[in-house]
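Heads up: the structure comes next, in structure tokens.
The values are calculated or read from the model by the stated rules, or taken from the named source; none is laboratory data. Remember, it's a predicted structure, so these values are computed and weren't measured experimentally. Glycine gets a Cβ as well: all are built from the backbone with ideal geometry, and neighbour counts include every protein chain shown. Only protein heavy atoms, including side chains, enter the accessible area calculation; ligands, DNA and RNA are left aside. Shrake-Rupley method; radii C 1.70, N 1.55, O 1.52, S 1.80 Å.
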Amino acid sequence: MKLTVLDGHAANPGDLSWDKFKKIADLTVYERTPADMVIQRIGDSDAIFLNKIQITKQILDSCPKLKYIGVLATGYNVVDLDECTKKNITVTNIPAYSTDSVAQHVFAFILNYSNQVASHASSVKNGDWTRSPDFCYWNSSLTELTGKTLGIFGFGSIGQKVAKIAHAFGMRVIICTHNSNSFTGGEEVVTKEELFKQSDFLSLHAPLTDSTKNLVNRETLSLLKESAVIINTARGGLVDENAVKEALIQKKIAMYCADVVLTEPMDKNCPLLTAPDCVITPHIAWAPKETRQRLFDIAFNNLNSFIAGKPVNVVNKGL
């Protein structure tokens, strides 16, 4: 079997090994692949791995040997699933591999806000403590999390993990979800309107669909407390970026923290790039080495299972 990896650098910039894949396939790894070179690189492949490369009908029509597409991520919207099903091409994803690391990243944002770690560390480096007349000082308000309300929109595996951590901090957890069988204990189910009204911290954990697109908009932002912090580690399209920037400028919310934006890599004209009180990380919540190794292990099992005729984690269920 000929296996081609189209954009291997994101998952493996050099600290992981592709060796075990070489034991079950003739492997070629490309660090990155321009859109106009996809067909050239996978035209004779039986199987491909990709992360964010778009696989369209035109590409599929030009690759008649292709029988397997392994998406090295949970989301698989980059693949024309209907066309794959018509062509009997199995598509798999990597479910639930990043639950722990994404939940950890949510609280990295929350704790950076509540304890102002980066701000005070920078102040100390600038010599402010050496000039202080007192043994301690703080240059911005600090927040104790106990008793604060964390609102969670979407309550899949990551939302549930975030709730467990929040409970450990003594936070009140409210959720807006259609999944009534997933409670971890102690959560309160509320409407979307109440979620926005009551949250001190609002964490987004929903997929991007027609119903969740621009979930955070001028109307919903107006429901939030002026002291509220929004955390988005899900999808950039869940928020209206212009509306968020406007709300930050007008001090209608305290902070917006995100690991995702609408266009990635970030466009130089992205509104959030120049927004005040806005903390953005470059889509790294999934990136700890342990998390990516887990992704590799699942990807290997997905491909090996397909070769054995017993595919797992198939996302085009019509096959």
*Once you put a point 7 Å from the Cα of residue 52 and another 7 Å from the Cα of residue 209, both along the Cβ direction, what distance in nm separates them?*
2.5
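Are there trypsin sites (Lys or Arg not before Pro) in the stretch 45-152 that DSSP puts in a loop and that have at most 13 other Cβ atoms within 10 Å, and which ones?
Working: sites: 52, 57, 65, 67, 86, 87, 125, 131, 148; in loops: 52, 65, 67, 87, 131, 148.
Here the trypsin sites (Lys or Arg not before Pro) that fit, given the DSSP loop and packing criteria, are 65, 131.
If you place +1 on the Cβ of every Lys and Arg and -1 on the Cβ of every Asp and Glu, how big does the dipole about the Cα centre of the stretch 249-302 come out, in debye to the nearest 20? Can you show the working numbers first?
Details: 6 positive and 6 negative charges, 25 e Å.
For the stretch 249-302, the charge dipole is close to 120 debye.
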*Kindly provide the Kirkwood hydrodynamic radius of the stretch 74-217 in Å, to one decimal, from all pairs of distinct alpha carbon atoms.*
18.0
*asked:* Between (1) 19.2, 61; (2) 20.4, 62; (3) 22.1, 74, which entry matches Rg and Dmax of the Cα atoms in Å as derived from the coordinates of this structure?
replied: (3)
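Quick check for you: with a 1.4 Å probe and neighbouring chains kept, what is the accessible area per residue of the stretch 169-278, in Å²? Can you show the working numbers first?
On the way: 5340 Å² over 110 residues.
Accessible area per residue: 49 Å².
Run through the stretch 115-193 and list the chymotrypsin sites (Phe, Trp or Tyr not before Pro) located in a DSSP loop whose Cβ has at most 15 other Cβ atoms within 10 Å. Kindly include the intermediate steps, with their values, before the conclusion.
Working: sites: 129, 135, 137, 138, 153, 155, 169, 183; in loops: 129, 135, 137, 138, 155, 169, 183.
Sites meeting the loop and neighbour criteria: 129, 135, 137, 138.
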*Per the helix-only calculation at 222 nm, which mean residue ellipticity applies to the chain, given -39500 (n - 2.57) for every DSSP H run of n ≥ 4 and division by its residues, nearest 500 deg cm²/dmol?*
-8500 deg cm²/dmol
*Work out the FRET efficiency for residue 225 and residue 126 from their Cβ-Cβ distance, taking R0 = 35 Å, and round it to the nearest 0.05.*
0.65
*Could you tell me which of 318, 282, 217 has its Cα farthest along the dipole of the stretch 178-319 towards the positive end, charges placed at Cβ (Lys, Arg +1; Asp, Glu -1), taken about the Cα centre?*
318
_Which listed pairs, of 52/86; 52/245; 86/164; 52/197, have C-alpha distances above 32 Å, in listed order_ = 86/164; 52/197
_Summed residue charge, Cβ within 10 Å of residue 226's Cβ, Lys/Arg positive, Asp/Glu negative_ = +3
*Could you calculate the contour length gain from residue 39 to residue 96, that is, 0.36 nm times the residue separation minus the distance between their Cα atoms, to one decimal place in nm?*
17.5 nm
_Amide H contacts under 5 Å for residue 228, placed H, 5+ residues apart_ = 254
*For the chain, give the magnitude of the charge dipole about the Cα centre (Cβ charges: +1 Lys/Arg, -1 Asp/Glu; no others), in debye to the nearest 20.*
560
*asked:* In Å and on Cα atoms, what radius of gyration and Dmax does the stretch 44-98 show?
replied: 10.6, 33
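Test of the criteria: in the stretch 177-243, which trypsin sites (Lys or Arg not before Pro) are in a DSSP loop and have at most 14 other Cβ atoms within 10 angstrom of their Cβ?
Numbers: sites: 192, 197, 213, 218, 225, 235; in loops: 213, 225, 235.
Sparse-neighbourhood loop trypsin sites (Lys or Arg not before Pro): 213.
Would you mind estimating how fast the stretch 240-319 diffuses translationally, via Stokes-Einstein at 37 °C and 0.692 mPa s with the Kirkwood radius over Cα pairs, in µm²/s?
On the way: Rh = 15.8 Å.
Here the translational diffusion coefficient equals 208 µm²/s.
Would you calculate the convex hull of the Cα atoms in the stretch 34-139 and tell me its volume per residue in Å³? It would help to have the intermediate numbers written out before the result.
Working: hull volume 15.5 nm³, N = 106.
In the stretch 34-139, the Cα convex hull volume per residue is 146 Å³.
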